[in-house]
Amino acid sequence: YDYDSNLIWGVPMPSRSAAQIVKAYKQIYKMLQSKGLKPKLQRLDNECAKELKDFFDEKSIEFQLTPAGKHSRNLAEKAVQIWKDHFISGLSSTHPDFPVNQWCKLIEQANITLCLLRPSRINPKLSAYEQCFGIFDYRKTPLAPPGMKVVVHEKPKQRNSWDFHGIDGWYIGPSIEHYIC
């Protein structure tokens, strides 16, 4: 969670180990840096691994720990709740046959749609997404409900000449780098 841009960005972690937490934090830190945002203060719950503290020291990031069970004092905790609620609402709207074990593939769209809904604190006329990534062009990058059943076109080289031209699949999110994908 970045306070200034009001960006909430979920990153999947296979475990809550110190190494995975530091890896996820570094990924978010690098992304924020590339968008011109430099974290200066990090508020955490009462747990903070030494490796993460070392990274904060290396990058000159001040940090504060909140007491156990006092989530109301930590805005990031509220942001986590908001992200989880948004993600679960998207997950619950998936097709009944969507393979639930593929939930992690829906994270990118959840990040995008949530941040499109949140105003930036730097410029309230912009969304948090637009503040960090620029204008989201729905014509170039259409969005559909997550986990929707789709027919995926197969190129002629991938199929026999009399086969159907598509196979069943699932919509998992936009392909930001591609036009209308």
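The values are calculated or read from the model by the stated rules, or taken from the named source; none is laboratory data. As the structure is a computational prediction, the values presented were derived from the model and not from experiment. Positions of Cβ are backbone-derived with ideal geometry, glycine not excepted, and every protein chain shown enters the neighbour counts. The protein model used for the area step is the full one, side chains on, heavy atoms only, and it has no ligands, DNA or RNA in it. Shrake-Rupley method; radii C 1.70, N 1.55, O 1.52, S 1.80 Å.
Observations
- Those residues of region 9-28 which are within 14 Å of the chain's Cα centre (by Cα), β-branched (Val, Ile, Thr) and more than 14 Å from Pro39 (Cβ to Cβ), in sequence order: Val11
- Residue in region 37-54 that is modelled with the highest pLDDT, counting only those that are open to solvent by less than 40 Å² (accessible area, probe 1.4 Å) and part of a strand (DSSP E or B): Gln42
- Scanning region 147-169 for residues that are in contact with a His (Cβ under 7 Å, 6 or more places away or on another chain) and open to solvent by 70 Å² or more (accessible area, probe 1.4 Å), we see that the one that is farthest from Gly36 (Cα to Cα) is His165.
- Scanning region 161-177 for residues that are at pLDDT below 85 and not acidic (Asp, Glu) yields Ser161, Trp162, Phe164, His165.
Residue by residue, here is whether (1) assigned to a loop (DSSP other than H, G, I, E, B); (2) open to solvent by 90 Å² or more (accessible area, probe 1.4 Å) holds:
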site: Phe56; (1), (2): no, no
site: Ala68; (1), (2): yes, no
site: Gly90; (1), (2): no, no
site: Pro96; (1), (2): yes, yes
site: Asn111; (1), (2): no, no
site: Gln131; (1), (2): no, no
site: Asp137; (1), (2): yes, no
site: Pro145; (1), (2): yes, no
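- The listed residue being over 15 Å from Pro12 (Cβ atoms), among the aliphatic types (A, V, I, L, M) and touching a residue at least 24 places away in the same chain (Cβ under 8 Å), out of Ile82, Ile135: Ile82
- Pairs with Cβ under 7 Å, 6+ apart, first in region 160-173 and of a type in the set (Phe, Trp, Tyr), second part of a strand (DSSP E or B): Trp170/Lys149; Trp170/Val150; Tyr171/Val150
- Screening the candidates Lys125, Lys105 for the property of being touching a residue at least 60 places away in the same chain (Cβ under 8 Å), of a type in the set (Lys, Arg) and farther than 15 Å from Tyr1 by Cα yields one hit, Lys105.
- Selection status of Gln102, modelled with pLDDT of 95 or more and surrounded by 12 or more Cβ atoms within 10 Å (Cβ to Cβ): no
- Scanning region 117-129 for residues that are open to solvent by 40 Å² or more (accessible area, probe 1.4 Å) and either under 13 Å from the mean Cα position of the chain (by Cα) or polar (S, T, N, Q) (or both) turns up just one, Asn123.
- Some residue of region 16-25 being surrounded by 15 or more Cβ atoms within 10 Å (Cβ to Cβ) and touching a strand residue (DSSP E or B) at 6+ places or on another chain (Cβ under 7 Å): no
- Test: residue in region 28-36 that is crowded, with 16+ Cβ neighbours inside 10 Å, over 19 Å from Ser120 (Cα atoms) and of a type outside the set (D, E, K, R): no
- Qualifying residue in region 80-88 (condition: open to solvent by 40 Å² or more (accessible area, probe 1.4 Å), assigned to a loop (DSSP other than H, G, I, E, B) and under 28 Å from Met148 (Cβ atoms)): no
- Looking across region 149-181 at every residue that is outside any strand (DSSP E or B) and among the aromatic types (Phe, Trp, Tyr), the one that is nearest to Tyr138 (Cα to Cα) is identified as Tyr179.
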